[in-house]
1. Name the single residue that is farthest from His31 (Cα to Cα) among those in region 127-158 being of a type in the set (A, V, I, L, M) and modelled with pLDDT under 95.
2. Considering only residues that are of a type in the set (Lys, Arg) and under 13 Å from Gly134 (Cα atoms), look in region 43-54 and name the one that is modelled with the highest pLDDT.
3. Name every residue in region 1-30 that is within 25 Å of Glu123 (Cα to Cα) and either modelled with pLDDT under 75 or assigned to a loop (DSSP other than H, G, I, E, B) (or both), in order of residue number.
Amino acid sequence: MDWDNAELLRHVFEETRVVRKPLSGIIAGYHVLPYILVGAEHERPGRSVEVRGRIKVSPRLVIAPGQGTTYGELFKERELMHEALVARVFSFRYAGRVQLESEDLNIRRQERDAETHVDRVLEELVQREVIDTGVIVSPDVRYYPVSLDRFIREILDQEFRD
């Protein structure tokens, strides 16, 4: 795998599709954001790989410069800089080329192609009335952490826009 190929990683990021966002969104305290990621198996494009996991999300962190100094004063900018920066911490498990099953991460190879499998996953979530799970389609499942980054960014864009 080529984690140093910036162009490839950019391609994976840009081509990742978030086909379903969790309806519950990110909440104020520490919580877990479940996801199901599907992509074609690299060696056999007619088959797919499903990655089910949970992203652990911290409460909002307010980072202040301390000693009563504001960021506006620190950076000599009073109109654009907010007095405090708000952030979140996300963590998730990563596994390479393995068949893996744990509480936080489950990787399974599927006999059907990726688009058919995504349809099945969406149908499963509707039938079970699951509203807190995101569904992501990755153009290259070997780099699924990049696709998860895209998913997190879309959720954050929504959170900070509201």
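The values are calculated or read from the model by the stated rules, or taken from the named source; none is laboratory data. None of the values given here were measured: they were computed from a predicted structure.
1. The qualifying residue farthest from His31 (Cα to Cα) is Val141.
2. Among those residues, the one meeting the criterion is Arg52.
3. Result: Thr16, Lys21, Pro22, Leu23, Ser24, Gly25, Ile26.
Residues checked against (1) more than 18 Å from the chain's Cα centre (by Cα); (2) modelled with pLDDT of 90 or more; (3) under 25 Å from Leu23 (Cα atoms); (4) not aliphatic (A, V, I, L, M):
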position: Lys56; (1), (2), (3), (4): no, no, yes, yes
position: Thr70; (1), (2), (3), (4): yes, no, no, yes
position: Lys76; (1), (2), (3), (4): yes, no, no, yes
position: His82; (1), (2), (3), (4): yes, no, no, yes
position: Ala87; (1), (2), (3), (4): no, no, yes, no
position: Ala95; (1), (2), (3), (4): no, no, no, no
position: Gln99; (1), (2), (3), (4): yes, no, no, yes
position: Ile107; (1), (2), (3), (4): no, no, yes, no
position: Val121; (1), (2), (3), (4): no, yes, yes, no
